[in-house]
Amino acid sequence: MQNRKLVIGYIGNGKSTNRYHLPFVLNRPDTILVKMIYQRNLAKQDWARIAGVEYTDDLEKILHDPEIDVLVVTTATAAHYLLAKKVLEAGKNCVVEKPFATSAEEAADLFQLAREKGVMVQCYQNRRFDSDFLTAQKVLASGKLGELFEVNMNYDYYRAYVPEGAEGFRKEDAFLYTHACHTVDQVLSWFGKPLEVRSDVRQLLGQGRMNDYFDLDLFYEGFKVSVKSSYFRAKSRPSFELYGRRGCFVKETEDRQEADLKKFYLPAGHPDFGLDLPEHYGTSIYYDEAGNYHEEKVPSEKGDYARYYDALYETLIHGAAPLVTEDETMEQMRILAEAGKVLR
């Protein structure tokens, strides 16, 4: 089993599979093989077919293919739980796109079933490999800012047409679930379980409309992390702000992988994919131990969502610990569920 390829199948053939998964796994041909993709309606061809990959509308076929090591569920959120349950009941390892489920109870049920079947289920947390997040981690680890007091993480849009065009509310489509699942996971992977969480979650256009705003404060011993996002920010707030006893770090712009993907500028064959230019670098301002003032640009770390799959390969082929733990996913689900109680 050592050093063989990890064989993957996908349940779902929409934007998630084709934009946020395939461009990265196909860039790992030495370690990963995509064998099959399930699509409910094969006549619908919004995305180009991948050479060498089998496409099927037979769910049972992909569930029971003996060569497939892991199935990745990339469908609409409402279907995550039932499809992941089918994967686990078939004795297959399973990766589930964000948001993992629509409730903490569903998530707990999936983890329990995976234990009973002796397989793995894990949430696809590719945003742990965002450039801005990795750069902020690097700055904090340098110690130049001294004792940490505050972290602000912002994920803003100005897309007024989205909430204005949404005439109803569905919990599984809430902005809180579909976007805070990125940033809350980043916080948990960085600092662990918070001591306390306070939230301000809104439907800016009124009840019964889209959830288009959230502001979550996660409290830790000695510092606070704020996770904020809105659809009505004509000017985005900085992606990351770190404030410490001796200084601060501000990164105005977010990771560029998604922007490149939207232009179909893919990682394969493009070594500059997702890379920040110098004008995108964050700024660190701090006083050293002698009291000298420093202000410097911080070259951005390279983001690469394929690193999620590198970790998955190590887990399923070499027995490494999972990148995203059950405790992290359950804590995230509990935080989102509690914050979302106000939505109607």
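Only residues that are over 30 Å from Asp255 (Cβ atoms) and out of contact with any strand residue (DSSP E or B) (no Cβ under 9 Å at 6 or more places or on another chain): list them for region 116-130, please.
So in region 116-130, the residues over 30 Å from Asp255 (Cβ atoms) come out as 116-119.
Scanning region 116-130 gives Glu116, Lys117, Gly118.
Of the residues making up region 2-57, those that are on the phi > 0 side of the Ramachandran plot and in contact (Cβ under 8 Å) with a residue 60 or more places away in the chain are Asn3, Gly12. Cβ-Cβ distances below 6 Å connect the following pairs, each with a first residue in region 188-199 that is over 16 Å from Phe129 (Cα atoms), a second residue that is surrounded by 19 or more Cβ atoms within 10 Å (Cβ to Cβ) and among the small types (Gly, Ala, Ser), and a separation of six or more residues or different chains: Ser199/Ala339.
Whether any residue in region 157-178 is surrounded by fewer than 18 Cβ atoms within 10 Å (Cβ to Cβ), of a type in the set (A, V, I, L, M) and touching a Gly at 6+ places or on another chain (Cβ under 6 Å) is what I want to check. No; the residues of region 157-178 include none that is surrounded by fewer than 18 Cβ atoms within 10 Å (Cβ to Cβ), of a type in the set (A, V, I, L, M) and touching a Gly at 6+ places or on another chain (Cβ under 6 Å). Close contacts from region 72-96, counting a first residue that is in a loop (DSSP other than H, G, I, E, B) and a second that is basic (Lys, Arg) and surrounded by fewer than 21 Cβ atoms within 10 Å (Cβ to Cβ), with Cβ to Cβ under 6 Å and a gap of 6+ residues or different chains, come to Gly91/Lys117. Scanning region 322-333 for residues that are buried (at least 16 other Cβ atoms within 10 Å of the Cβ), part of a helix (DSSP H, G or I) and not hydrophobic (A, V, I, L, M, F, W, C) yields Glu326, Glu328, Thr329, Glu331, Gln332.
Looking at region 40-94, which of its residues are of a type in the set (Val, Ile, Thr) and under 16 Å from Leu113 (Cβ atoms)? Explain how you work it out, then say what you get.
Going through region 40-94, the residues of a type in the set (Val, Ile, Thr) turn out to be 50, 53, 56, 62, 68, 70, 72-75, 77, 87.
Listed by number, the residues that qualify are Val70, Val73, Val87.
When Ser300 is tested against (1) assigned by TED's automatic domain parsing to the domain that holds Gly222; (2) surrounded by fewer than 17 Cβ atoms within 10 Å (Cβ to Cβ); (3) not charged (D, E, K, R), just one condition goes unmet, and that condition is (2).
For region 238-261: of the residues being basic (Lys, Arg) and more than 17 Å from the chain's Cα centre (by Cα), which is nearest to Ser300 (Cα to Cα)? Here the answer is Lys251.
Scanning region 288-321 for residues that are over 13 Å from Val121 (Cα atoms) and part of a helix (DSSP H, G or I) gives Ala306, Arg307, Tyr308, Tyr309, Asp310, Ala311, Tyr313, Glu314, Ile317, His318.
Take Lys138 and decide whether it is in contact with an Asp or Glu (Cβ under 8 Å, 6 or more places away or on another chain), closer than 30 Å to Pro278 by Cα and either in contact (Cβ under 8 Å) with a residue 60 or more places away in the chain or surrounded by fewer than 20 Cβ atoms within 10 Å (Cβ to Cβ) (or both). Before you say what the answer is, go through the steps one by one.
Numbers: in contact with an Asp or Glu (Cβ under 8 Å, 6 or more places away or on another chain): yes; closer than 30 Å to Pro278 by Cα: yes; either in contact (Cβ under 8 Å) with a residue 60 or more places away in the chain or surrounded by fewer than 20 Cβ atoms within 10 Å (Cβ to Cβ) (or both): yes.
Criteria met by Lys138.
Figure legend. Inter-residue proximity from region 158-180: first residues under 11 Å from Phe214 (Cα atoms), second residues among the β-branched types (Val, Ile, Thr), beta-carbon distance below 6 Å, spacing 6+ or different chains. Indicated pairs: Leu176/Val201. Among the residues of region 13-67, those identified as within 23 Å of Lys85 (Cβ to Cβ) and among the polar types (S, T, N, Q) are Asn13, Ser16, Thr17, Gln39, Asn41, Thr56.
For Gly274, the conditions (1) crowded, with 16+ Cβ neighbours inside 10 Å; (2) small (Gly, Ala, Ser); (3) more than 21 Å from the chain's Cα centre (by Cα) all hold with the exception of (3).
Taken together, the criteria exclude Glu67 from residues that are surrounded by fewer than 17 Cβ atoms within 10 Å (Cβ to Cβ) and in a helix (DSSP H, G or I). Between Gly282, Gly319, the distinction of being in the same structural domain as Arg198 (by TED's automatic domain parsing) and either over 22 Å from Asp69 (Cβ atoms) or not hydroxyl-bearing (Ser, Thr, Tyr) (or both) belongs to Gly282 only.
Being surrounded by fewer than 23 Cβ atoms within 10 Å (Cβ to Cβ) and more than 22 Å from Ser103 (Cα to Cα) is the requirement here; does Tyr231 meet it? Working first, answer last.
Numbers: surrounded by fewer than 23 Cβ atoms within 10 Å (Cβ to Cβ): yes; more than 22 Å from Ser103 (Cα to Cα): yes.
The answer is yes for Tyr231.
Residues in region 155-191 that are under 16 Å from the mean Cα position of the chain (by Cα) and assigned to a loop (DSSP other than H, G, I, E, B): Tyr155, Asp156, Ala174.
The values are calculated or read from the model by the stated rules, or taken from the named source; none is laboratory data. On a predicted model such as this, the values are computed, not experimentally measured, just so you know. Positions of Cβ are backbone-derived with ideal geometry, glycine not excepted, and every protein chain shown enters the neighbour counts.
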